[in-house]
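Participant: Next up is a structure, given as structure tokens.
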Amino acid sequence: MEICVIKFGGTSLKEEAARNRAVRLIRRLIPEMKVIAVVSAMGRYPDPYATDTLMSLAKYLTPQQRDRLVSAGEMISTLVINSLCRQNGILSDTLSTQELGIITNDHYGEAEVLTVTTGKLLEKLDHCDCLIVPGYQGITLDHEITTLGRGGSDYTAMLLAQALGLEDVYILTDVSGIYEADPKQNPDARHWDEIDYDQMLKMIDAGARVMQRQSILFAREHQLRVWVGSSLQVGKGTWIQSCEDSER
Ligand SMILES: Nc1ncnc2c1ncn2[C@@H]1O[C@H](COP(=O)(O)OP(=O)(O)O)[C@@H](O)[C@H]1O
Ligand SMILES: N[C@@H](CC(=O)OP(=O)(O)O)C(=O)O
């Protein structure tokens, strides 16, 4: 059966209504495919389990301890969404950070990925329809939790999609894709139906924090097509892909 990787950003999981919408979306996909849902920490500061909230709770930690603390936001999200899926009759399961298969070096806060293995993921996916996994994190060869840089759940989604041999990955956020400027600040900003990886990188360098830079570099290297759209309002989105794909 077809597998798809969908990432839900923190903004898409902030309120209960948003989390319910995410679960309804998963339920609609399930007859057609197995879903791997990569989740970010719920909401933004000062929401209780958001990444910046967790960071603000304890400032005198070693980098290793800080990664252990902030990675918990994604783990809480994973379990909350799993519970909501089960409540809605979806056969779902979760992966822990250790089961995720993302092995990194020990550059805490901005770890570099060494390898991705999908053995445990595929084993669990075999027994469920939707696997909920924590974004933004991996483990070192010594089993210490690391994080992949801010916005790193985008990267998690791409790493898993690539390791599974998929061509596309879906990033769900709170806006309907990529615009020439932040649509929340500029309501008249032009929407892109598609955009080249290099154009996206230029926008990120100019301050557009909609996608993590490292994830776009990875997508470009592996020619992964990235769809960005809203989980709050189904409809238009943006394909981030190579120029050749755009011309097809
Ligand atoms: N050029 C742009 N196009 C679309 N969104 C943008 C752009 N620049 C900034 N943004 C902002 O990026 C936000 C989504 O990114 P982010 O806050 O990281 O969401 P998520 O929690 O889903 O990862 C949008 O709410 C939007 O305000
Ligand atoms: N929660 C992490 C990772 C992430 O990707 O978050 P989001 O998908 O909400 O941007 C962060 O805030 O950096």
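The values are calculated or read from the model by the stated rules, or taken from the named source; none is laboratory data. Please read these numbers as outputs of a predicted model, since none were measured by experiment. Neighbour counts are summed over all protein chains in view; Cβ atoms, including those assigned to glycine, are modelled from backbone coordinates with ideal geometry. Just so you know, the surface numbers come from the protein's heavy atoms only, side chains and all, with ligands and any DNA or RNA stripped out. Shrake-Rupley method; radii C 1.70, N 1.55, O 1.52, S 1.80 Å.
Participant: Could you order peptides 51-62, 26-37 by the average number of other Cβ atoms within 10 Å of their residues, highest first?
Facilitator: Ranked by mean Cβ neighbours within 10 Å, highest first: 26-37, 51-62.
Participant: Could you order peptides 6-12, 73-79 by the average number of other Cβ atoms within 10 Å of their residues, highest first?
Facilitator: 6-12, 73-79
Participant: Tally the DSSP beta bridges in the chain and give the antiparallel ones as a percent, rounded to 5.
Facilitator: Counting DSSP beta bridges with both partners in the chain, the antiparallel share is about 30 percent.
Participant: Taking 29 Å as the cut-off for C-alpha to C-alpha distance, list the pairs among Lys14/Lys34; Lys120/Lys236; Lys14/Lys59; Lys14/Lys124 that go past it.
Facilitator: Listed pairs above 29 Å: Lys120/Lys236.
Participant: When the accessible area of the chain is computed with all protein chains present and a 1.4 Å probe, what percentage of it is carbon and sulfur?
Facilitator: About 48 percent, which is the carbon plus sulfur part of the accessible surface.
Participant: How much accessible area per residue does the chain have, in Å², with a 1.4 Å probe?
Facilitator: The answer is 48 Å² per residue.
Participant: Let me test this: with uniform point scatterers at the alpha carbons of region 57-192, what is the Debye-based log₁₀ I(q)/I(0) at q = 0.12, 0.17 1/Å?
Facilitator: Debye curve over Cα of region 57-192, log10 I(q)/I(0) at q = 0.12, 0.17 Å⁻¹: -0.56, -0.99.
Participant: Where in region 169-248 are there GluC sites (Glu not before Pro) that are in a DSSP coil and have at most 15 other Cβ atoms within 10 angstrom of their Cβ?
Facilitator: When the GluC sites (Glu not before Pro) of region 169-248 are filtered for loop state and at most 15 Cβ neighbours within 10 Å, Glu180 remain.
Participant: Also, I was wondering about something else. When only Cα pairs under 8 Å and 6 or more residues apart are kept, what is the percent relative contact order across the chain?
Facilitator: Here the relative contact order equals 19 percent.
Participant: At 10 °C and 1.306 mPa s, grab the translational diffusion coefficient of region 160-248 from Stokes-Einstein with a Kirkwood Rh over Cα pairs, rounded to a whole number in µm² per second.
Facilitator: The estimated diffusion coefficient comes to 120 µm²/s.
Participant: Roughly how much of Trp239 is accessible, in Å² to the nearest 10, using a 1.4 Å probe?
Facilitator: For Trp239, solvent-accessible area is about 60 Å².
Participant: When ranked by the protection proxy of mean other Cβ atoms within 10 Å per residue, highest first, what sequence do the peptides 201-209, 96-104 form?
Facilitator: Put in order of decreasing packing, that is 96-104, 201-209.
Participant: Using helices alone, what [θ] at 222 nm do you get for the chain, with -39,500 (n - 2.57) per DSSP H run of 4 or more residues, divided over all residues and rounded to the nearest 500?
Facilitator: Counting only the DSSP helices, I get -10500 deg cm²/dmol.
Participant: In whole angstrom, and with the biggest value first, how far do the Cα coordinates of the chain range along each principal axis?
Facilitator: Taking max minus min along each principal axis of the Cα atoms, the chain gives 45, 42, 34 Å.
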